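S.K.: Quick one: the structure is below, and I'll ask about it shortly.
The values are calculated or read from the model by the stated rules, or taken from the named source; none is laboratory data. Quick caveat, the model's predicted, so the values are computed rather than measured. Note: ideal-geometry Cβ built from the backbone for every residue, glycine included; neighbour counts use all protein chains shown.
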Amino acid sequence: MTVVASNTQEVTLNAHVCGVVFLAEDGQAVVSPEPMKETIATLRAAIEFHTGGFHRIEIIAPSADTTYQASLRQSVIRACQAECGWVFVVTSRCSVHREVFHRGVQGLKTVEGLWGTMIDQQDDGALSLRTPQLPTANSIDDLVMYPWNCCMDAGFFIRADILYSVVTTASFNDLASLCMELWSRAKCQKLPLQLVNLKPAATPTTAAQANQTAQRQAALKTQRGLVDGSLAMMHKRNVLTSQMQDLARQSAATVNYFAASRQAPWCGYYEVKQFEGQPFTLFSQNDDLCSLSLQWTGEYEAASTYVWQKLAKRAKLVLDIGAYTGLYSLLAARANPACRVVGFEPLSRNYARFLQNVQLNQMGNVSAVRAAAGKQHGQIGLSIYSNGEFLTSGASIVSTAGRQPVDVETVPLVSIDAVLESNRLGQPELIKIDAEGAELQVLSGMSRTLAAQPDLLMECLTGSDCMSLEQILRPFGYRYYAINESSKTIEPTDSLTASSGSLHDLNRLISTKTPEQLADVMNGNAGVIAKVA
């Protein structure tokens, strides 16, 4: 229970009551009534779906005040008078996610304010992650490294007494200044939760509205320049010193990524430029093992990425099954801008980052698909074994003996044969499979695809059923090659072998090409097919 003075009267707030208040869109003084009707409709649907444990949820109609701050102040006072212990803040351009209260209340157990990741809803109804976007943040120190629009949007929960203290004592005239003031006073957090979708702005119908839209677009263009400048400054601040690099590389060399991430954290944009084709950028919130390894050691699966790009240069269609955050997809697209790359990633958090990296680099030849690959279409449970500190690369649709998942996410399941046929994509020449032990399921759904004999780059973990995999592959005339990341070599083997357990020995190349043919592709020799410089 918290007591605030609302209109000179003391009011006791109830933590089990949530008030919903509306902000005007940035650049406008008052809340637009027409789009708000749709927002309220999605809000009521969300309340009907799940209240998240709130005993009561009050929708506070916006006041008619003509200033941004005064309108919000009056709404918050009314929320306090209704005994609301929490407030959910949303704009009229947002459609509320149906699980907003269920998701939000889970995160409110340890914080005083909770923000979610913003998703754009296009005119055709399609959804896409906003970029640039900061998915997570734990303190105001995290926020000040980024332009506000990378990390703050309407669609957030805040304790009512804290919001009341801000709107009655501080000065603000837009969402940016409001959010920064809240973060400076409260224990806030931003999580990769989808709380709202941002709907497209209405088409202006009058000359005055068109002029206002043009002014806002000009302001956004100026802001984009400020964003670029801020990112450049942030990059300079985060460049690792040689001492920190040594510490990080020592930890990374022993595969202790958690220790390395604490000794040499990397938040921001990393330019990948030591590969084939034009450079591209990866975003990391100190949680992406691919970009962290590149930053710490200058490489990630050096031999595998070398083979992958050399083969991609000769392909028209490339599939990346288990795309994680998109490194292999982007490498293929840069090595061969004329090819089409389709990446499949089932885990929602990883998929969001994959989509972000594709959009960040304007990769028009890369398509991101949120799905696991298996024998048939449907849905399946994806077991998650990490605690969320990193974007996990170890989630799987098959159970792992001796390990209990910390969470299970229901994801779409697709057959590769069916996807290629229904979308008339043709036959791929190159496929990467990183399915965390589900390789049999993946191959079982792509018999017609295997008949075209594409090159396969496949992770074979310790315990993989290599004999069963060979039985599926044998009719298609495949040969097997071991890839060693530490010695940077690719060598022929008599059979398909599982990993030794080392991260330097995870991948196998499966191809109908002879060692001589591969050596020609890799610019190597037939004995040791490739030795990466």
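S.K.: Return yes when E58 is assigned by TED's automatic domain parsing to the domain that holds G155, out of contact with any helix residue (DSSP H, G or I) (no Cβ under 8 Å at 6 or more places or on another chain) and acidic (D, E) and no when it is not. Don't jump to the end; show me each part of the working.
M.R.: On the way: assigned by TED's automatic domain parsing to the domain that holds G155: yes; out of contact with any helix residue (DSSP H, G or I) (no Cβ under 8 Å at 6 or more places or on another chain): no; acidic (D, E): yes.
Answer is no for this residue.
S.K.: Ok, one more. Can you find, within segment 179-217, the residue that is surrounded by the fewest Cβ atoms within 10 Å (Cβ to Cβ) among those that are in a loop (DSSP other than H, G, I, E, B) and modelled with pLDDT of 65 or more? Before the answer, list the steps.
M.R.: Narrowing segment 179-217 to residues in a loop (DSSP other than H, G, I, E, B): 186-187, 199-206.
So of that shortlist, the ones also modelled with pLDDT of 65 or more come out as 186-187, 199, 206.
Details: A186: 19, K187: 13, K199: 20, T206: 8.
Applying the filter and picking the extreme gives T206.
S.K.: When A312 is evaluated against the numbered criteria (1) outside the structural domain of P428 (by TED's automatic domain parsing); (2) touching a strand residue (DSSP E or B) at 6+ places or on another chain (Cβ under 6 Å); (3) among the small types (G, A, S); (4) closer than 18 Å to N507 by Cβ, which criterion, by number, is the only one it fails?
M.R.: Among (1) outside the structural domain of P428 (by TED's automatic domain parsing); (2) touching a strand residue (DSSP E or B) at 6+ places or on another chain (Cβ under 6 Å); (3) among the small types (G, A, S); (4) closer than 18 Å to N507 by Cβ, A312 violates only (1).
S.K.: Within the set of pairs 6 or more residues apart or between chains, which connect a residue that is basic (K, R) inside segment 432-459 to a residue that is buried (at least 20 other Cβ atoms within 10 Å of the Cβ) with Cβ atoms less than 7 Å apart?
M.R.: As it stands, the answer is K432/W308; K432/D320; K432/I321; K432/Y328; K432/L457, since those pairs meet every condition given.
S.K.: Working carefully through the options S422, S464, find the one that is within 29 Å of the chain's Cα centre (by Cα) and at pLDDT below 85.
M.R.: Values: S422 fails: at pLDDT below 85.
Being within 29 Å of the chain's Cα centre (by Cα) and at pLDDT below 85 holds for just one of S422, S464, which is S464.
S.K.: Has segment 409-427 got at least one residue that is on the phi > 0 side of the Ramachandran plot, touching a strand residue (DSSP E or B) at 6+ places or on another chain (Cβ under 7 Å) and not charged (D, E, K, R)? Reasoning before the result, please.
M.R.: From segment 409-427, those on the phi > 0 side of the Ramachandran plot are 424, 426; that's our starting set.
Narrowing further to those that are touching a strand residue (DSSP E or B) at 6+ places or on another chain (Cβ under 7 Å): 426.
Next, from what is left, pick out any that are not charged (D, E, K, R): 426.
Yes, segment 409-427 contains at least one residue that is on the phi > 0 side of the Ramachandran plot, touching a strand residue (DSSP E or B) at 6+ places or on another chain (Cβ under 7 Å) and not charged (D, E, K, R).
S.K.: Here is a follow-up. When I490 is evaluated against the numbered criteria (1) under 30 Å from the mean Cα position of the chain (by Cα); (2) buried (at least 18 other Cβ atoms within 10 Å of the Cβ); (3) at pLDDT below 90, which criterion, by number, is the only one it fails?
M.R.: (1)
S.K.: Write out, first by first residue and then by second, each pair whose Cβ atoms fall under 6 Å of each other, whose residues are 6+ apart or on separate chains, and whose first residue, in segment 366-377, is within 16 Å of L355 (Cα to Cα) while the second is aromatic (F, W, Y) and assigned to a strand (DSSP E or B).
M.R.: V369/F344; A371/F344
S.K.: State whether one or more residues within segment 410-419 are in contact with a Cys (Cβ under 9 Å, 6 or more places away or on another chain) and surrounded by fewer than 20 Cβ atoms within 10 Å (Cβ to Cβ).
M.R.: Of all residues in segment 410-419, those in contact with a Cys (Cβ under 9 Å, 6 or more places away or on another chain) come to none.
Checking segment 410-419: not a single residue is in contact with a Cys (Cβ under 9 Å, 6 or more places away or on another chain) and surrounded by fewer than 20 Cβ atoms within 10 Å (Cβ to Cβ).
S.K.: What residue, among those in segment 289-304 that are assigned to a helix (DSSP H, G or I) and within 22 Å of the chain's Cα centre (by Cα), is farthest from A335 (Cα to Cα)?
M.R.: If we filter segment 289-304 for residues that are assigned to a helix (DSSP H, G or I), which is where we start, we get 289-297, 302-304.
Remaining after also requiring within 22 Å of the chain's Cα centre (by Cα): 289-296.
On the way: L289: 22, C290: 18, S291: 18, L292: 22, S293: 20, L294: 18, Q295: 21, W296: 23 Å.
So, considering only residues that are assigned to a helix (DSSP H, G or I) and within 22 Å of the chain's Cα centre (by Cα), the one farthest from A335 (Cα to Cα) is W296.
S.K.: Suppose we filter segment 499-518 for residues that are within 35 Å of the chain's Cα centre (by Cα), modelled with pLDDT of 85 or more and of a type in the set (D, E, K, R); how many remain?
M.R.: 1
S.K.: At pLDDT below 85, more than 20 Å from S171 (Cβ to Cβ) and not β-branched (V, I, T) - does that describe any residue in segment 24-32?
M.R.: Checking segment 24-32: at least one residue is at pLDDT below 85, more than 20 Å from S171 (Cβ to Cβ) and not β-branched (V, I, T).
S.K.: Please return the ranges of strands (runs of 3 or more DSSP E) entirely within segment 49-149 where 3 or more residues are modelled with pLDDT under 90.
M.R.: Working: elements: 56-59, 84-91, 94-96, 113-121, 127-129.
Result: 94-96, 113-121, 127-129.
S.K.: Looking at segment 44-75 only, could you name the residues that are in contact with a Cys (Cβ under 9 Å, 6 or more places away or on another chain) and surrounded by 15 or more Cβ atoms within 10 Å (Cβ to Cβ)?
M.R.: T51, G52, F54, I57, E58, I60, listed by residue number.
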